[in-house]
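Written below as structure tokens is the structure these notes are about.
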Amino acid sequence: MQHASRPKILVCFGTRPEAIKMFPVVHALKAHPAFETRVVVTAQHRGMLDQVLQMSEIVPDIDLDLMQDGQSLDALSSRIITSFGAVLDVERPDRVLVHGDTLTAMMVSLACYFRKIPVGHVEAGLRSGNIYAPWPEELNRRVTAIIADLHFAPTQRARQALLAETIADENIFVTGNTVVDALLETKRRIIADPGLATAIEPLLKRFDGKRIVAVTAHRRENFGEGLTSIAKALVKLAERDDVAIIFPVHPNPAVSKAMVPLLEGIANIALIEPLDYPNFARMLDASDLILTDSGGIQEEAPSFQTPVLIMRETTERSEAIEAGTARLVGTSEAALVAAANQLLDSTSEYEAMASNANPFGDGNAAHQIVQILYERHFPGST
Ligand code: UD1
Ligand code: UDP
């Protein structure tokens, strides 16, 4: 399809989860001849972002390289808005796409608002109802929603949350979550090139015969007491001979500070560097149980039929709980150990959680998003 002038779309992201969930959108947009697609990364994350860029074969048009070690929310916010504002003044896009709930999403949206450039929000409408949990993500999402004129909601629940905030129905589109697209594409890549996911194999071999418990933790509201309590629960769980814990440690210094002193040196606990996405997917596939405070992992785990214990007091992804694939346990040491033991010891409890379908999408979200963009930018052409 040829058009005299192609709308310029800037796709902007900065962290690992945004890159994972936006790469299918970038691929689908780049494949559409009606748009000029440019990718701008804030690099709010550096190493973990690069892992995803490399595996998804995306070379950013502009890399702002903003991460600093131990960055504060204030300083990062100001770097993003200033740097991305300057990009907008040069690029003058017709639209910007952001993702989810990070400072990148919120500050990029604000910079667009200051220039009256429309924003499309991918993974819109997740709400916990509490601006301090997840913190600061709940507020990042709400601010982004006020600014955006297109809201790509992963589920009907997310759509309802946006309607309740008086977002117009005609601007909300339920597409499913692009994380399912990302996971399916990654599985296809691993089948085509099994070498992509072999880095984790020696560790899985070392723990052969044990029940693998995969763990991740990084939420700011869990820093301090919450993380320490999680670490103590893992020490207790590791007293079981039949269990091995694999814990890729998030590089935020607050996480290793809480985890390393309590968990290092325990034979059946492996504290490892963040895995690239194919190896992480392989690890989830090999796992019997997942303990996490991550948002994205709650959405991916049902695709592996692996039960999830959510180490948070609240979640904006209740669909997983309703579908029976996840349980909200919190961070209390006793509650975590009891919930994990219950699942590891009861086949019926385990099977009830492991056999449910993924409520977050069917792998078609990115194509739907691009089709909706086409209809918005070329009204009446379909
Ligand atoms: C950020 C997002 C959070 C998201 C999470 C996903 C905000 C405020 N937080 O939290 O919503 O759930 O990413 O992981 O937007 N670091 C590295 N290398 C990396 C990434 C991080 O060394 O590749 C270290 C740096 O010291 C950095 C620190 O982690 O300063 C914190 O990074 P930041 O993006 O501010 O916060 P996250 O906790 O990663
Ligand atoms: N992930 C990964 N390697 C790891 C840990 C996580 O590739 O070592 C992926 C995971 O599959 C999910 C995403 O990173 O897609 C989740 O990122 P994170 O937990 O950092 O952020 P959140 O989803 O909580 O915002």
For segment 322-382, give the magnitude of the charge dipole about the Cα centre (Cβ charges: +1 Lys/Arg, -1 Asp/Glu; no others), in debye to the nearest 20.
-> 300
Rounded to the nearest Å, what's the spacing between the alpha carbon centres of segment 282-325 and segment 118-178? Just the number, please.
-> 21
Which whole-angstrom value gives the distance between the alpha carbon centres of segment 47-64 and segment 254-275?
-> 27
Considering the Cα trace of segment 23-154, what is its radius of gyration and what is Dmax, both in angstroms?
-> 14.4, 42
The chain: projected area of the alpha-carbon convex hull, averaged over directions, in nm² = 18.2
Magnitude of the Cβ-charge dipole of the chain, K/R +1 and D/E -1, about the Cα centre, nearest 20 debye?
-> 500
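Looking at segment 107-192, what % of the alpha carbon pairs are farther apart than 16 Å? Intermediate results must be reported in sequence, preceding the final value.
Values: 2085 of 3655 pairs.
Of all Cα-Cα pairs in segment 107-192, 57 percent lie more than 16 Å apart.
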For the chain, what relative contact order do you get, as a whole percent, if you take Cα pairs closer than 8 Å and at least 6 residues apart?
-> 15
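Over segment 157-272, what is the relative contact order in percent, taking alpha-carbon pairs closer than 8 angstrom and at least six residues apart? Kindly include the intermediate steps, with their values, before the conclusion.
On the way: 93 pairs, mean separation 25.4, N = 116.
Relative contact order for segment 157-272 comes out at 22 percent.
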For segment 262-382, which semi-axes, largest first and in whole Å, follow from the square roots of 5 times the eigenvalues of its Cα gyration tensor?
-> 34, 18, 14
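At 0.36 nm per residue, and after removing the present C-alpha to C-alpha distance, how many nm does the segment from THR314 to ALA199 gain when stretched out fully?
Values: separation 115, 0.36 × 115 = 41.40 nm, distance 3.38 nm.
Extra length from THR314 to ALA199 when fully extended: 38.0 nm.
Got a sec? How would THR347, THR144 order by Cβ neighbour count within 10 Å, fewest to most? Write out the running numbers ahead of the final one.
Values: THR347 10, THR144 27.
Fewest-to-most Cβ neighbours within 10 Å comes out as THR347, THR144.
No value in this document is a laboratory result; all are computed from the given coordinates. Note that the structure is predicted; figures quoted are calculated from it, not measured. Note that each Cβ is placed from the backbone with ideal geometry, even for glycine, and that neighbours are counted across all protein chains shown.
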